[in-house]
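Chemist: So that we are looking at the same thing, I have put the structure below in C-alpha cells.
The values are calculated or read from the model by the stated rules, or taken from the named source; none is laboratory data. Worth saying up front: this structure is predicted, and the values here are computed from it rather than measured. A quick note on method: Cβ atoms are made from the backbone with ideal geometry, for glycine too, and the neighbour counts reach across all protein chains shown. The protein model used for the area step is the full one, side chains on, heavy atoms only, and it has no ligands, DNA or RNA in it. Shrake-Rupley method; radii C 1.70, N 1.55, O 1.52, S 1.80 Å.
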Amino acid sequence: MKLLIKSGRVVDPGNGIDAVMDVFVAAGKIVGMDSIPDGFHANREINAKDLVVCPGLVDLSARLREPGFEYKATLESEMEAAVAGGITSLACSPDTDPPLDEPGLVEMLKHRARSLNQAHLYPIGALTQGLKGERLTEMAELRDAGCVAFGQSDMPLTNARVMMHAMQYASTFGFGVWLRPQDASLADGGVAHDGEVATRLGLPAVSVCAETVALSNIILIARETGATVHLCRISSAEGVAMVRAAKQQGLPVTCDVTANHIHLSEMDIGFFDSNCHLVPPLRGLSDRNALRAGLLDGTIDAICSDHTPVDDDAKLLPFGEAEPGATGLELLLPLTLKWAMEMKIPLAAAVARITVEPAQILGIDAGHLSLGAAADMCIFDPDQYWKVEAAALKSQGKNTPFLGMELQGRVKYTLVHGNVVHQG
C-alpha cells in the first residue's frame, strides 16, 4: 500500500514540525514529507485538509482486562477503542488474573495483540510474584518475553526492603520500575479525597499524605539505588512539588497524570456519582491546578488515560462500594486538547504529552514522524465537537465522568504500520 496524506497540518513535536504539508507512506513507513519521493504513485489518497496529522498517541496506563476479567472487557473491544482514540501504542498494567508474572502469560498476551493487527501492546510486568509485594519476579525472563518495565499497578508494596531489592535489581539491568505512590495503611478503606466533600457526604477519606509518605520512600530508595523510576498517576500539589524537587536534584524520575485529574476535582463527585470514584481519588481544586501547572512546566512528563473499564453492575452500587475506574482510551485526545485550550498552550506542546514524551518513558521508537519511521499516525479534526455517550464508545466499559458532555477533537483516521485501522 502506498498512501498519500494530502494537505494536512502535520504536528510532530519530536522533530519540531508544525506545518501544512503532504505525507507519503509506503511499505508501512514514512518515505516522504512535503515533496513527493521519486517514483511514488499512491494507491490511496486521504484528504487531510483542515485536519491535524500527528504521531499515533502513546498511552502509559490501560487495563485491557485480559486475562481473567473478560466480563468487564475483552482485548478485542479495548484495542478497537484504542485505535478509535488515535492510540497506536499502549502500556497495559500487570493486574490481570493471573497477574503478568510469568513469561508465558506475557507471550500469550503479546501474540493475541499482534493477531488483532491494531495498536502495539507493551506489557508492564509484575514487580513481585502475584503482585503480593513479597518475592520478586524473574524480571530478566519477563523482559525477554516482552515486558518493557515492572510495577505493582494499584497493589501495595509495603515492605521497604523488597522495594529496595527490586530497585537494586532493576538498576543493575537497566529496567524501569513503575510505582503509584500510595501508603496502603494511610489509604486503607478510603474512597474520596480528605476534604470538604468527603466530610459532607460521609465518605471514608484518603489524605494527601498517603501519597506523599509513599512518594518520599520511593524517591529516597531511588536515590540510594540509582534506579530509573516512573511515578504513576500523581494526584496532589504536594506530590508535584516533591517530584519537581527530585528532578532538580538530577534523579532519573518521571511521572504522569491522568486525563481525568487535570479536569476534575472532588467537587465533581456531586451527589455520590460513582463514575467519579477513581484511584487515586479526585482531589481539591488547588491540587487540580497544581497538576495542570506541573504539566505546563515539565514536572509531569505525560498524560495517560488510566483506562479502567468496569461493568455496569459494579458502577450501580453506592459510591463507596462501587468499583473504581473510568474508561479513557477514546477520551485521551479530546481531554488533552481541552487542557491545552484552557491553558492557552500551543497544540504541539499538548500533542507532545501524549506522543513523544510517553514513548521516551516506555523506551520505544514511537511518537514521531521521522523519515523511515513506522507510519503510526493519528489524523483528527481539532474543531469537531462530539457528545460522549455510551453508544458512541467502542470500549466495553461505558463508565466515565464525562458522559453527556460535548468534547472537541474527533479522530478521523488511525494508521498502524501504514494500514488504516480506524476510520471515523
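Chemist: If you scan region 153-182, which residues turn out to be in a loop (DSSP other than H, G, I, E, B), at pLDDT 95 or above, crowded, with 20+ Cβ neighbours inside 10 Å and out of contact with any Asp or Glu (no Cβ under 8 Å at 6 or more places or on another chain)?
Modeler: Once the filter is applied, which keeps residues that are in a loop (DSSP other than H, G, I, E, B), at pLDDT 95 or above, crowded, with 20+ Cβ neighbours inside 10 Å and out of contact with any Asp or Glu (no Cβ under 8 Å at 6 or more places or on another chain), region 153-182 yields only 175.
Residue-wise test of (1) of a type outside the set (Lys, Arg); (2) surrounded by fewer than 22 Cβ atoms within 10 Å (Cβ to Cβ); (3) more than 21 Å from the chain's Cα centre (by Cα); (4) closer than 20 Å to residue 174 by Cα.
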{"position": "57", "(1), (2), (3), (4)": "yes, no, no, no"}
{"position": "60", "(1), (2), (3), (4)": "yes, no, no, yes"}
{"position": "77", "(1), (2), (3), (4)": "yes, yes, no, no"}
{"position": "81", "(1), (2), (3), (4)": "yes, no, no, no"}
{"position": "99", "(1), (2), (3), (4)": "yes, no, no, no"}
{"position": "104", "(1), (2), (3), (4)": "yes, yes, yes, no"}
{"position": "117", "(1), (2), (3), (4)": "yes, yes, no, no"}
{"position": "144", "(1), (2), (3), (4)": "yes, yes, yes, yes"}
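Chemist: Out of the residues in region 200-242 that are hydroxyl-bearing (Ser, Thr, Tyr) and touching a Ser or Thr at 6+ places or on another chain (Cβ under 9 Å), state the one that is nearest to residue 357 (Cα to Cα).
Modeler: 228
Chemist: Also: Quickly run through region 351-391 and pick out the residues that are more than 19 Å from the chain's Cα centre (by Cα), touching a residue at least 60 places away in the same chain (Cβ under 8 Å) and outside any strand (DSSP E or B).
Modeler: Within region 351-391, 369, 370, 371, 372, 373, 375 qualify.
Chemist: Taking residue 241 as the residue in question, decide whether it is open to solvent by 20 Å² or more (accessible area, probe 1.4 Å) and at pLDDT 95 or above.
Modeler: Criteria met by residue 241.
Chemist: If we keep just the residues of region 17-35 that are open to solvent by 70 Å² or more (accessible area, probe 1.4 Å) and in a loop (DSSP other than H, G, I, E, B), which is modelled with the highest pLDDT?
Modeler: Among them, the one singled out is 27.
Chemist: Now a separate question. What number of residues within region 390-402 satisfy the criterion of being surrounded by fewer than 19 Cβ atoms within 10 Å (Cβ to Cβ) and either touching a Gly at 6+ places or on another chain (Cβ under 7 Å) or under 19 Å from residue 63 (Cβ atoms) (or both)?
Modeler: 2
Chemist: Next up: Just one of (1) of a type in the set (D, E, K, R); (2) open to solvent by 30 Å² or more (accessible area, probe 1.4 Å); (3) under 29 Å from the mean Cα position of the chain (by Cα) trips up residue 38, so point out which.
Modeler: (3)
Chemist: Tell me which residues, restricted to region 197-211, are among the hydroxyl-bearing types (Ser, Thr, Tyr) and either closer than 12 Å to residue 283 by Cβ or outside any helix (DSSP H, G or I) (or both).
Modeler: Answer for region 197-211, where residues must be among the hydroxyl-bearing types (Ser, Thr, Tyr) and either closer than 12 Å to residue 283 by Cβ or outside any helix (DSSP H, G or I) (or both): just 207.
Chemist: Also, quick follow-up: Which of the residues that make up region 51-107 are among the hydrophobic types (A, V, I, L, M, F, W, C) and in a strand (DSSP E or B)?
Modeler: 52, 53, 54, 57, 58, 60, 62, 87, 90, 91, 92
Chemist: Same structure again: Out of 153, 171, report the one residue that is among the polar types (S, T, N, Q) and within 24 Å of residue 292 (Cα to Cα).
Modeler: 153
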